1. Considering only residues that are within 16 Å of ligand 1 (Cβ to nearest atom), farther than 24 Å from Gly76 by Cα and out of contact with any Gly (no Cβ under 9 Å at 6 or more places or on another chain), which ones fall in segment 112-153?
2. Among Arg148, Arg127, Arg132, Arg141, which is touching a residue at least 60 places away in the same chain (Cβ under 8 Å) and open to solvent by 10 Å² or more (accessible area, probe 1.4 Å)?
3. Let me confirm something: among Leu181, Leu167, Leu195, Leu109, which residue is aliphatic (A, V, I, L, M) and surrounded by 24 or more Cβ atoms within 10 Å (Cβ to Cβ)?
4. Leu40 - would you say it is within 16 Å of ligand 1 (Cβ to nearest atom), among the aliphatic types (A, V, I, L, M) and closer than 24 Å to His211 by Cα?
5. What tally of residues in segment 126-139 results from selecting those that are away from ligand 2 (no atom under 13 Å from the Cβ) and either touching a Ser or Thr at 6+ places or on another chain (Cβ under 9 Å) or closer than 18 Å to Asn164 by Cα (or both)?
6. For the condition closer than 21 Å to His128 by Cα, in contact with a Ser or Thr (Cβ under 7 Å, 6 or more places away or on another chain) and modelled with pLDDT of 95 or more, what is the one hit in Leu94, Leu74, Leu61?
Amino acid sequence: MQNIPILLDLHTHSLSSGHGTRDTITQMAHTAAERSLCFLGISDHGPATPQAAGSSYFRSLVLADRKRFGVALLYGVELNILNEHGDVDLDDALTASLDYAFISMHHPLFRSGTADSNTTAFISAMRHPGVRFLGHPDDGRFPVDYERLLAAAKENHVFPEINNASLSPDAYRTDGQCNSLRILSICKKIQLPVLLSSDSHGREQIGDMRHILPLLEQCAFPKQLVINSNPDLLWKILQK
Ligand SMILES: [Zn+2]
Ligand SMILES: [Zn+2]
């Protein structure tokens, strides 16, 4: 198996995401340091998620520490796509003040439509400032046209994630395996880098990509297209 160094994990949730996640950013940074990550990104759910923090939490992040236990910290958000027009649940100016944003579809905040309308919703949401990553676009409950979605992502300088939680045996999302393989094969073809994510809620899964690595091997995915191994590529992406 080719060696793919995992230097960063940008899709993680702290206690500010609510729904039972208890760990603080400090505790998470400590775990990231133990697991030898160079960068940890905190991407809590946007304010429309029940029990998630409100706008003031995201406003306060500009004051948060940039390094803890030797790990560089990035602060983002996992925005909820709310409708086919691509509206999201955080003010554009506030999102722009963060390091990055994911755009994601979650039940019941987004009502799945046809593959065509879901794809349009993702593409429309790319217009918001700070949007860099597609959150779990593998979710079969929200079918999309992958060719159209990923071509638009490339054009808009947005990158899909491959989500380890979607691939775990107890995943609540559906079709993670075959949709992730589809995403990887298109990204390989159009040379679009991907972000590997744990989607850890709290400390436990930080940096854990164990279900993704076999898929990368299965489709001989080029190492240079894995953002997690290329900090220089990450900086280029974040500075869009
Ligand atoms: Zn999500
Ligand atoms: Zn998430």
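The values are calculated or read from the model by the stated rules, or taken from the named source; none is laboratory data. Keep in mind it's a predicted model, so treat the numbers as computed, not measured. Here the Cβ positions follow ideal geometry from the backbone for every residue, glycine too, while neighbour counts run over all protein chains shown. Each accessible area value is taken on the protein alone, full model and side chains, heavy atoms only, with ligands, DNA and RNA left out. Shrake-Rupley method; radii C 1.70, N 1.55, O 1.52, S 1.80 Å.
1. Residues of segment 112-153 that are within 16 Å of ligand 1 (Cβ to nearest atom), as a first pass: 112, 118, 121-122, 125, 131-142, 144.
Then keep just the ones that are farther than 24 Å from Gly76 by Cα; that gives 112, 140-141, 144.
Correct list: Ser112, Arg141, Val144.
2. Details: Arg148 fails: touching a residue at least 60 places away in the same chain (Cβ under 8 Å); Arg127 fails: touching a residue at least 60 places away in the same chain (Cβ under 8 Å); Arg141 fails: touching a residue at least 60 places away in the same chain (Cβ under 8 Å).
That would be Arg132, the only listed residue that is touching a residue at least 60 places away in the same chain (Cβ under 8 Å) and open to solvent by 10 Å² or more (accessible area, probe 1.4 Å).
3. Values: Leu181 fails: surrounded by 24 or more Cβ atoms within 10 Å (Cβ to Cβ); Leu167 fails: surrounded by 24 or more Cβ atoms within 10 Å (Cβ to Cβ); Leu109 fails: surrounded by 24 or more Cβ atoms within 10 Å (Cβ to Cβ).
Result: Leu195 is the single residue among Leu181, Leu167, Leu195, Leu109 that is aliphatic (A, V, I, L, M) and surrounded by 24 or more Cβ atoms within 10 Å (Cβ to Cβ).
4. Values: within 16 Å of ligand 1 (Cβ to nearest atom): no; among the aliphatic types (A, V, I, L, M): yes; closer than 24 Å to His211 by Cα: yes.
Taking the combined requirement at face value, the residue does not satisfy it.
5. Filtering segment 126-139 for residues away from ligand 2 (no atom under 13 Å from the Cβ) gives 126-132.
Checking the rest, the ones that are also either touching a Ser or Thr at 6+ places or on another chain (Cβ under 9 Å) or closer than 18 Å to Asn164 by Cα (or both) come to 128-131.
Looking only at that region, the number is 4.
6. Details: Leu74 fails: in contact with a Ser or Thr (Cβ under 7 Å, 6 or more places away or on another chain); Leu61 fails: in contact with a Ser or Thr (Cβ under 7 Å, 6 or more places away or on another chain).
Criteria check complete, one pass: Leu94.
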